[in-house]
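One structure is given here, and the rest of the page talks about it.
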Amino acid sequence: MRILCCVKRVPAPGAKINVTEDGQQVETAHLGFTTSPHEECAVEEAVQLTEAQGGEVTVLTVGPPEAEEQLRYAASVGCQNIVLVPTDGTPLDPQRTATIITETVQSLESDGGEFDLILFGNESADSGGFQVGVRVAHALGRPIVNGIKGIDIEADQVIARREVDAGFEVYHLPRPAICGVKEGINLPRYPTMKGRLASKKVELESVDTDADAGGQLMVRLHRPQETAKETAILGDSEDAAGAIVDLLEELGVMS
Amino acid sequence: MTLLVLLDHDNGVMPEASREALTIGRQLADDMGGEMVAAVIGALDDGVIDDVAEEAQKFGAETVRHVNHDLLTDYGPDAWAECLRQLADDVDAEAVMAVGNDRGNEVMAFLAARLDQPFVANCTTVTDADDDEWSMTRLQWGGSLLEDATLSADLKLVSFGHHAVPAEPAAGAADADVEEFEPELDDSHTITMIKDRTVQTQGVTLSTAPVVVSGGRGVGSADAFAPLEELAELLGGRVGCSRAVTNNGWRPHSDQVGQTGTRIAPEIYIATGISGAIQHWVGAMASKKILAINTDPEANMVTKADYAVIADLHKVVPAISAEIRRRREG
Ligand SMILES: Cc1cc2nc3c(=O)[nH]c(=O)nc-3n(C[C@H](O)[C@H](O)[C@H](O)COP(=O)(O)OP(=O)(O)OC[C@H]3O[C@@H](n4cnc5c(N)ncnc54)[C@H](O)[C@@H]3O)c2cc1C
Ligand SMILES: Nc1ncnc2c1ncn2[C@@H]1O[C@H](COP(=O)(O)O)[C@@H](O)[C@H]1O
């Protein structure tokens with residue numbers, strides 16, 4: 001089985017997100033980088049599926065050369081192939097990203113054969129466009145469902161489950177299929193020392209593709225307004241329990 | 001100028017999100033100097049259609065189109081998007097919008113892909129809907145950051161962030177006509193239709209609980225959540241947690257609050273042993289009141305909370321439960 005996962009390198013902010021002076025990007029001077037938890041889970045799912053049924057996992061990102069770090073991480077937890085479509089790091093709109101990914105998939109498939117399953121995250125952590133996977137699926141003529149928290153592979157179909165408030169919705173997708181995965185589908189493993197060493201030897205494939213800009217243009221980023229809050233300190237030990245329960249009574253949640 | 005608004009529903013039950021969509025849609029239609037048509041998709045009983053139409057009218061829809069076809073047995077993004085595409089054509093829509101929940105965003109993405117048009121997800125405001133090019137503000141990072149953007153397209157496709165505005169009935173709403181619309185669908189549109197449903201939880205869920213008692217890395221282990229469970233139960237609430245906790249396998253992901261977890265809005269959020277990273281905060285910030293229990297007075301959760309106790313959660317949480325019991329028994 002051949003599985004492809006699409007991941008995006010994003011900064012990992014802590015208590016708050018700062019924006020560069022020109023408003024074009026997140027201020028990353030003191031930040032590390034990561035991929036979205038959804039995408040981490042997509043990678044883990046792909047690795048688990050191929051461990052159980054054989055096959056290999058390819059991870060693809062469209063991003064700056066530094067995104068090699070996220071690809072190597074994926075290799076360190078069990079992916080065999082890593083592919084980078086290098087950009088200059090300027091944020092791309094979702095239509096452009098989708099076209100680039102579609103063309104790259106077509107080129108990877110013409111060399112190595114069709115992917116039985118392609119996994120996306122439910123949404124990217126930063127721009128959250130909720131659409132790249134759907135656009136790629138449409139362009140490739142394959143079925144997709146988003147928000148997937150359970151995948152079973154059968155001979156000719158993929159059973160995908162989406163969690164909703166009351167339980168799960170079940171979808172049956174003919175193969176080859178595509179899913180947008182949500183965190184919670186599994187518990188991603190941490191890389192082992194052996195995995196880390198092995199990941200250094202995986203060859204990075206670089207694919208040059210570009211596409212025209214779409215109709216959604218980013219103008220600038222800014223932080224939502226925050227109302228400064230006075231925090232009332234109710235105590236510094238378990239003796240605060242009385243004051244807390246007074247508060248709960250006041251809020252009417254004790255009944 | 002016509003704005004087409006998709007109403008979400010689950011077997012006829014309309015979520016609050018659909019009332020929000022109508023509230024925003026009414027504003028947007030006014031800005032565009034146009035009319036709002038609300039679309040409800042699927043086989044629904046006449047009684048349900050009447051209820052939906054009454055709601056839609058109350059929130060300012062001039063017309064309600066009930067889209068139905070034998071193949072629409074349940075929700076499916078392909079089929080729903082195709083229905084919207086044909087209906088947008090039929091009403092000569094300038095723009096189509098949905099609320100930015102899982103389904104709304106999914107259907108809009110399918111529609112956008114099919115039409116090869118841009119789709120701007122999770123807007124909070126659109127400033128000049130009467131121009132050819134729209135300017136809007138939208139959510140990034142699950143709402144921790146805002147993006148000003150522009151949209152140029154033949155057919156404008158947008159979703160509005162869930163909770164972007166409170167749902168409010170429209171002034172001077174008139175009777176809305178319900179008109180049937182039968183799209184042309186075939187089996188190619190039903191590949192992504194729901195085939196089955198499994199019911200798991202009943203009763204109060206994390207997103208609707210009046211009280212959420214959450215634990216973070218500071219709790220220390222799966223077993224150490226027992227006192228939090230007990231407190232949540234005493235208050236008729238639910239236990240939540242941070243990603244550090246789900247990552248450690250101490251709690252299931254369905255308990256996770258935050259950007260990639262659940263957005264909560266309880267009367268009070270009791271956050272214990274949680275530092276308050278922005279991705280956690282964004283899921284908790286709609287809480288009416290926040291009480292942080294943390295040993296670190298500088299923790300973001302503490303400085304952003306309404307109330308705080310600077311102490312060991314392992315001592316404070318059981319003491320709260322004991323005090324509640326004492327008062328109830330006494
Ligand atoms: C794209 C992305 C999405 C994310 N989505 C989410 C999400 O949905 N939800 C989420 O929660 N996180 C999310 N995260 C992770 C987030 O950045 C933090 O890593 C995480 O929230 C930290 O969890 P924590 O507060 O429990 O742990 P820590 O940051 O380690 O904080 C532990 C806290 O416990 C306190 N403490 C320790 N011992 C005690 C004690 N005995 N009594 C009282 N206090 C004590 C400490 O002072 C500290 O403040 C996301 C990250 C990324 C990059
Ligand atoms: N630059 C990128 N490179 C690779 N995959 C991406 C990129 N941007 C988005 N994706 C994938 O598409 C999904 C949805 O992205 P979005 O439409 O931006 O919310 C993400 O979770 C990723 O799996």
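Worth pointing out:
- Residue check for B:Leu71: within 20 Å of the chain's Cα centre (by Cα) and of a type outside the set (S, T, N, Q): no
- Index of the failed condition, B:Gly143 passing every other in (1) open to solvent by 30 Å² or more (accessible area, probe 1.4 Å); (2) farther than 30 Å from A:Pro176 by Cα: (1)
- Residue list for the stretch A:55-96, filter: within 30 Å of A:Val219 (Cα to Cα), touching a Gly at 6+ places or on another chain (Cβ under 8 Å) and among the hydroxyl-bearing types (Ser, Thr, Tyr): A:Thr87
- In the set (1) crowded, with 20+ Cβ neighbours inside 10 Å; (2) touching a Gly at 6+ places or on another chain (Cβ under 8 Å); (3) of a type outside the set (Lys, Arg), B:Glu94 fails one condition alone, (1).
- If you go through the stretch B:90-107 and keep only what is touching a residue at least 40 places away in the same chain (Cβ under 8 Å) and of a type outside the set (Val, Ile, Thr), you end up with B:Asp90, B:Asp92, B:Ala93, B:Glu94, B:Ala95, B:Met97, B:Ala98, B:Gly100, B:Asn101, B:Arg103, B:Gly104, B:Asn105.
- Residue within the stretch B:193-216 that is of a type in the set (Ser, Thr, Tyr), touching a residue at least 60 places away in the same chain (Cβ under 8 Å) and within 10 Å of chain A (Cβ to nearest Cβ) present: no
- Lone unmet requirement of (1) part of a helix (DSSP H, G or I); (2) open to solvent by less than 40 Å² (accessible area, probe 1.4 Å); (3) within 14 Å of chain A (Cβ to nearest Cβ); (4) not hydroxyl-bearing (Ser, Thr, Tyr) for B:Arg85: (2)
- Within the stretch B:4-28, being surrounded by 20 or more Cβ atoms within 10 Å (Cβ to Cβ), touching an Asp or Glu at 6+ places or on another chain (Cβ under 8 Å) and over 11 Å from B:Val165 (Cα atoms) holds for one residue alone: B:Ser18.
This table checks each residue for (1) open to solvent by less than 60 Å² (accessible area, probe 1.4 Å); (2) of a type in the set (Lys, Arg); (3) more than 12 Å from chain A (Cβ to nearest Cβ).
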residue	(1), (2), (3)
B:Ser221	yes, no, yes
B:Ala232	yes, no, no
B:Asn247	yes, no, no
B:Arg325	no, yes, no
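- Filter pass, B:Gln117 being of a type in the set (S, T, N, Q), at the interface with chain A (Cβ under 9 Å from one of its Cβ atoms) and either under 16 Å from B:Val40 (Cβ atoms) or part of a loop (DSSP other than H, G, I, E, B) (or both): yes
- Residues of the stretch A:179-213 satisfying the condition of being more than 10 Å from every other protein chain (Cβ to nearest Cβ) and either assigned to a strand (DSSP E or B) or within 16 Å of ligand 1 (Cβ to nearest atom) (or both): A:Cys179, A:Val181, A:Leu204, A:Glu205, A:Ser206
- Candidates B:Thr295, B:Thr260 - the one that is within 16 Å of ligand 2 (Cβ to nearest atom) and either touching a residue at least 60 places away in the same chain (Cβ under 8 Å) or open to solvent by 10 Å² or more (accessible area, probe 1.4 Å) (or both): B:Thr260
- Per the conditions (1) open to solvent by less than 20 Å² (accessible area, probe 1.4 Å); (2) under 18 Å from A:Pro37 (Cα atoms); (3) within 8 Å of chain B (Cβ to nearest Cβ), the sole criterion not satisfied by A:Gly167 is (2).
The values are calculated or read from the model by the stated rules, or taken from the named source; none is laboratory data. What you see is a predicted model, and the numbers here were worked out from it, not measured in a lab. No Cβ is skipped: glycine too gets one built from the backbone with ideal geometry, and neighbour counts run over all protein chains shown. Surface areas here come from the heavy atoms of the whole protein model, side chains and all, with no ligands, DNA or RNA. Shrake-Rupley method; radii C 1.70, N 1.55, O 1.52, S 1.80 Å.
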